[in-house]
Amino acid sequence: MKVLGVDPGTAATGYGVVVRKDGGAVSLVECGVIRTSAGEELPVRLREIRDGLAEVMERHRPDVVAVESIFYGKNVRSTVMLGHARGVVLLAAAERGLGVADYTPSEIKNAVVGTGRGTKEQVQFMVKQLLRLKEVPKPADAADGVAVALCHVNTGRMAALAKGRVMAGGDR
């Protein structure tokens, strides 16, 4: 299974592509950040995100897209901007007929760190450990995109284990 994880944002959208092989091992294929032009108006920035994601999807042909869902913070404007970027992620996936899985920030932290209250530093450390990387993916937005992808892989695997479809040593 190949998963594209996306941490949406209008200035920087982090992404990570991971693949889980039949034996259960997960490896990082690519991660990075799609940066938008700060001086441009919102519609142009959203197109830049869509175009960047389209390139990643074309290059890696993921089976599914996992995306961080909107969280409600104190700053309503930030939440609305995040919603715009997230909508572009959903559009790019739909244009390619890809399924989308949504995960809250606490679900992502729980799947990667083991607690929904994990810190950004803990998430980055665990991304490095889980994928046996020499260093944490940089910048932080890229590591967050990888964490979203890992969340989907781990959550999907745990759901299959609970249903008895996957043995601890790998797929049946």
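Return a whole-number percent for the relative contact order of the chain, with Cα pairs under 8 Å and 6 or more residues apart as the contact set.
Working: 325 pairs, mean separation 52.4, N = 172.
Computed over the chain, the figure is 30 percent.
Taking GLU135, GLU107, GLU48 as the candidate residues, the one with maximal mean-square fluctuation in a Gaussian network model of the chain, Cα springs under 10 Å, is GLU135.
Mean sequence separation of contacting Cα pairs (under 8 Å, at least six apart), scaled by the length of segment 33-119, corresponds to a relative contact order of 29 percent. Shape descriptor for segment 1-64: Rg over Rh equals 1.07 (Cα atoms; Rh from the Kirkwood inverse mean 1/r). Taking amide H positions as modeled 1.01 Å from N, with prolines and chain starts lacking one, the residues under 5 Å from VAL29 and 5 or more places away or on another chain are VAL17, VAL18, VAL19. When the square roots of the Cα gyration tensor eigenvalues are ordered a ≥ b ≥ c, the ratio a/c for segment 46-120 is 1.5 or more and a/b does not exceed b/c, which makes its shape oblate.
Hey, any idea what Rg/Rh is for segment 91-155, computing Rh the Kirkwood way over Cα pairs? Provide the component values of the computation, followed by the final result.
Numbers: Rg = 12.3 Å, Rh = 12.2 Å.
Dividing the radius of gyration by the Kirkwood radius yields 1.01.
Label-to-label distance for ASP63 and SER37 is 3.9 nm, based on points extended 7 Å past Cα in the beta-carbon direction. Residues in segment 77-94 carry Karplus couplings, in order, of 4, 4, 5, 5, 5, 4, x, 4, 5, 5, x, 5, 4, 4, 4, 4, 5, 5 Hz; the curve used is 6.51 cos²θ - 1.76 cosθ + 1.60 with θ = phi - 60°, and Gly or Pro positions show x. Which residue fluctuates most in the GNM of the chain (Cα springs below 10 Å): GLY97, GLY14, GLY24? Comparing GLY97, GLY14, GLY24 in a Gaussian network model of the chain, the most mobile one is GLY97.
Mind checking the per residue accessible area of the chain for me, 1.4 Å probe, whole number of Å²? Mind dumping the intermediate values first?
Values: 8960 Å² over 172 residues.
Per-residue accessible area for the chain comes out at 52 Å².
Residues of segment 92-117 with backbone nitrogen within less than 11 Å of a virtual label 7 Å along the Cα-to-Cβ line of MET1, please, listed as ranges. Inside the label zone: 101. Take the Cα of GLU95, step 7 Å toward its Cβ, do the same at GLU135, and the gap between the two points is 3.3 nm.
Here the calculated FRET efficiency for VAL29 and SER106, from their Cβ-Cβ distance with R0 = 22 Å, stands at 0.25, rounded to the nearest 0.05. If both residues of a DSSP beta bridge must be in segment 1-146, then about 60% of such bridges are antiparallel.
Within the accessible surface of segment 16-95, defined with a 1.4 Å probe on protein heavy atoms only, the carbon and sulfur portion equals 54 percent. Return the aspartates and glutamates within reach of LYS128: Cα separation strictly under 12 angstrom, same-chain partners fewer than 8 residues apart disregarded; answer none if there are no such residues. Hits, sequence-local ones excluded: ASP144.
The values are calculated or read from the model by the stated rules, or taken from the named source; none is laboratory data. Predicted model, so just to flag it, every value in this text is computed and none were measured. Positions of Cβ are backbone-derived with ideal geometry, glycine not excepted, and every protein chain shown enters the neighbour counts. Areas reflect the complete protein model, heavy atoms only, side chains present, ligands, DNA and RNA absent. Shrake-Rupley method; radii C 1.70, N 1.55, O 1.52, S 1.80 Å.
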